[in-house]
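These notes are about the structure you will find just below.
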Amino acid sequence: MSEPTVILGAGLAGLSASYHLGHDRCVVFEKNHYLGGHIHTEVVDGFTWDEGPHLSFTKYDYVKELFADSVEQEYLEYPVATGNYFQGHWIPHPAQSNLYAVPEPLRSACLRDFHASRGAAPDAAPDDYRDWLHRAFGATFADTFPAAYTRKYWTLPPERLTTDWVGERVYYPSVEDVAEGAKGPLPEQTHYIKKIRYPKRGGYMAYARKIAAGANVQFHHEVTHVSFRDRTVLFTNGTKVSFERLVSTLPLPTLIERSDAPMPVREAAAALNCSSLLIVNVTADHPTARPENWIYVYDEDKHTTRINCTEMLSPENAPTGKTGIQVEVYYSKDRPLAEAPRDVAAKVCDELVEMGVVHGHESIESVDAKWVPFANVIFDHDRRAALRTVLDWLETQGMAPDDDDLAPTTDWDAKLASASATGQHIVLAGRYAQWKYYWTDDCVMRGVELAKRFGGDG
C-alpha cells in the first residue's frame, strides 16, 4: 500500500493505530488543536483536570509497560478506595457487600430479600438488567441502590438495558460476603478494581506520550463528509483527501451522518444510544474532605452522580492544601439537558456542601462546567439490531467483519491469537467508533491488533 493510512481522530485509539501501524505510514486528522480526545488533560491555576476520572487498572502487561515508559516510570500505584453516598450515609463500595453501613430498617430488608432471591432457581437467563439486579441482590437492594444509580448514570431505567455488558463491572456477591458484610467490614474489599496506576504528574494524558511522539497529526480538521463510494474525506476548512485505507475513531453515528450512507443505515445509526456528560470542576481552599478516590451518589434528587478529587489521583494535580473536585452529571436523548450548565453547576455546589465534600460555599474558589457530547455507550435493547445494520452496510464498503462486532467487550488475548492479515479498506477503532464498552487499554490494544492484521502490506 503506497498511500498513507488516513486516521480520523487523534484520541487514544487513533494515536495507537498510527503508532502501531507506523507514524510514517499514517496521517491523523484531528478537529481540535490538541491531542488525546477523551484523555486530554488541562491544567488551570495549578489544578490538573482529566475529562472524567481516568485510571489504569489494565490486566495487559503490554499496556502497563507502554504507559510506564510514556512517563519514564514515574507513575503512582496504590489500592483504590471507593465510596457511596446515600441519604446522608457513607457506605463503602460495593454497597451490596457492605450492608453494615446501610441504615435500619433498610439493611434488614435488603438482607431478607437477598436471601429470598438466592433461594429461587431461575430456569432462564434474565430478560433485562432489572431482572438481573433482582436475581443478584433481591428487590429491596436492587431498587434502592443500583436501579437508582442506573437511572442517573445510564439515564435509563434498568429494564431498558440488556445484560451483555455487565461482566465483572457489577459485583455479584456470594451469600457469605453479603451476610458477613451486613455485620461489619469484610477483611478484603470486593470491588473489581483492586489497584490503580496514574501518572505522577501531567495527568492521564501523560500515558499517551510514547505513542503520540512522532505522529503526523493535522489539527483543526473537522470532518464534514466521508464518501465511501469515492474514498474521500472533506473537512470544514476545505481540505479534501483521498484514502486507500481509512481508520475512523469518530463516533459511529457521526461518521454515518456525515457520509454517503443510505437512509436506512442513517436511521439505524441515529438509533444508537449514548449518554452525554456535564463535568463540573470545583476548587476549594481546603484539603480533601473525603478519603475515597471516587464516590457514587445514589440520591436521585441530586444532580451529582459521581465524584472524584484530582489531588487523590496524584498530589501533583493540585496546589498544596486545596481540593479540586470533579462531578459528573449525565444526560441523553432520554434525559436531555433542560437547564443552563451554570445553573446545574450551582446546584452541584449546593450538593457538595450538603454532603460535606466542600466545607462551605465560602470555601469555593472557582466553578467551571464542560459539556462532553459522547460519554457512555448505552446498551439498550435496540443496540444490537441497529449496530448490525450499520456494520453490514460498512462491510459492503470494504470493512471486514469481526466475530465480536456486536459484543460490548473484547478478549484481546483471544483476538490477537486469531488475528490474520486482511485487505480491508475501512476500519473502526475505539469506544465510540466500534460502539463498545471500551476502556483506555482497549483503545491501545485495538492499535496492536490492526498492526497484526495489516502486517507489512504498507
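The values are calculated or read from the model by the stated rules, or taken from the named source; none is laboratory data. Keep in mind it's a predicted model, so treat the numbers as computed, not measured. So basically every Cβ, Gly included, is an ideal-geometry build from the backbone, and we count neighbours across all protein chains shown.
Tell me yes or no: at least one residue of the range 146-154 is touching a Pro at 6+ places or on another chain (Cβ under 8 Å), among the basic types (K, R) and either in the same structural domain as W90 (by TED's automatic domain parsing) or within 23 Å of T304 (Cα to Cα) (or both).
Within the range 146-154 (the criterion being touching a Pro at 6+ places or on another chain (Cβ under 8 Å), among the basic types (K, R) and either in the same structural domain as W90 (by TED's automatic domain parsing) or within 23 Å of T304 (Cα to Cα) (or both)), the answer is yes, since at least one residue qualifies.
For the range 29-74, the tally of residues that are closer than 24 Å to S248 by Cβ, exposed (fewer than 15 other Cβ atoms within 10 Å of the Cβ) and either polar (S, T, N, Q) or touching a Ser or Thr at 6+ places or on another chain (Cβ under 8 Å) (or both) stands at 0.
Which one of these does G360 not meet: (1) in the same structural domain as V327 (by TED's automatic domain parsing); (2) crowded, with 16+ Cβ neighbours inside 10 Å? Condition (2) is where G360 drops out.
A single entry from D350, D380 fulfils the requirement of being under 30 Å from I307 (Cα atoms) and within 17 Å of the chain's Cα centre (by Cα): D380.
Contact map, the range 169-196: first residue at pLDDT 80 or above, second residue loosely packed, with under 13 Cβ neighbours inside 10 Å and not hydroxyl-bearing (S, T, Y), Cβ cut-off under 6 Å, separation 6 or more or different chains; pairs are K195/P79.
Which is surrounded by fewer than 17 Cβ atoms within 10 Å (Cβ to Cβ), assigned by TED's automatic domain parsing to the domain that holds S18 and hydrophobic (A, V, I, L, M, F, W, C), of A429, A421, A433? Full working, then the answer.
On the way: A429 fails: surrounded by fewer than 17 Cβ atoms within 10 Å (Cβ to Cβ); A433 fails: surrounded by fewer than 17 Cβ atoms within 10 Å (Cβ to Cβ).
From the options A429, A421, A433, the qualifying one is A421.
Within the range 37-51, identify whether any single residue is outside the structural domain of A136 (by TED's automatic domain parsing), in contact (Cβ under 8 Å) with a residue 60 or more places away in the chain and in contact with a Lys or Arg (Cβ under 7 Å, 6 or more places away or on another chain), and answer yes or no. No, the conditions are met nowhere in the range 37-51. Does any residue of the range 407-421 turn out to be closer than 20 Å to E244 by Cα and part of a loop (DSSP other than H, G, I, E, B)? The answer is yes, given that some residue of the range 407-421 is closer than 20 Å to E244 by Cα and part of a loop (DSSP other than H, G, I, E, B). Among the residues of the range 330-352, none qualifies, meaning not one is over 23 Å from W154 (Cα atoms) and either assigned by TED's automatic domain parsing to the domain that holds W154 or surrounded by 17 or more Cβ atoms within 10 Å (Cβ to Cβ) (or both).
How many of the residues making up the range 6-28 are more than 15 Å from A212 (Cβ to Cβ) and crowded, with 23+ Cβ neighbours inside 10 Å? Summing the residues that are more than 15 Å from A212 (Cβ to Cβ) and crowded, with 23+ Cβ neighbours inside 10 Å in the range 6-28 gives 1.
Answer yes or no as to whether G214 is modelled with pLDDT of 95 or more, assigned to a loop (DSSP other than H, G, I, E, B), surrounded by 14 or more Cβ atoms within 10 Å (Cβ to Cβ) and not hydroxyl-bearing (S, T, Y). Spelling it out, it is not the case that G214 is modelled with pLDDT of 95 or more, assigned to a loop (DSSP other than H, G, I, E, B), surrounded by 14 or more Cβ atoms within 10 Å (Cβ to Cβ) and not hydroxyl-bearing (S, T, Y). Can you find a residue that is under 14 Å from E351 (Cα atoms), of a type in the set (D, E) and surrounded by fewer than 22 Cβ atoms within 10 Å (Cβ to Cβ) anywhere in the range 303-312? So far as the range 303-312 goes, no, none of its residues is under 14 Å from E351 (Cα atoms), of a type in the set (D, E) and surrounded by fewer than 22 Cβ atoms within 10 Å (Cβ to Cβ). Taking the range 323-380 as the search range and keeping residues that are in a loop (DSSP other than H, G, I, E, B) and among the small types (G, A, S), which one is farthest from A407 (Cα to Cα)? Result: G360. If you scan the range 241-265, which residues turn out to be over 21 Å from the mean Cα position of the chain (by Cα), assigned to a strand (DSSP E or B) and either hydroxyl-bearing (S, T, Y) or over 25 Å from L450 (Cα atoms) (or both)? Matches in the range 241-265: S242, S259.
Criterion first (touching a Cys at 6+ places or on another chain (Cβ under 9 Å) and either of a type in the set (F, W, Y) or modelled with pLDDT of 95 or more (or both)) does V390 satisfy it? For V390, the condition - touching a Cys at 6+ places or on another chain (Cβ under 9 Å) and either of a type in the set (F, W, Y) or modelled with pLDDT of 95 or more (or both) - is not met. Before we move on, is P92 over 25 Å from K333 (Cβ atoms) and free of Cβ contacts under 8 Å to residues at least 12 places away in the same chain? It is false that P92 is over 25 Å from K333 (Cβ atoms) and free of Cβ contacts under 8 Å to residues at least 12 places away in the same chain. The sole residue among A213, A208 that is in contact with a Gly (Cβ under 7 Å, 6 or more places away or on another chain) and of a type outside the set (K, R) is A208. A residue that is part of a loop (DSSP other than H, G, I, E, B), free of Cβ contacts under 8 Å to residues at least 12 places away in the same chain and not β-branched (V, I, T) cannot be found anywhere in the range 15-25.
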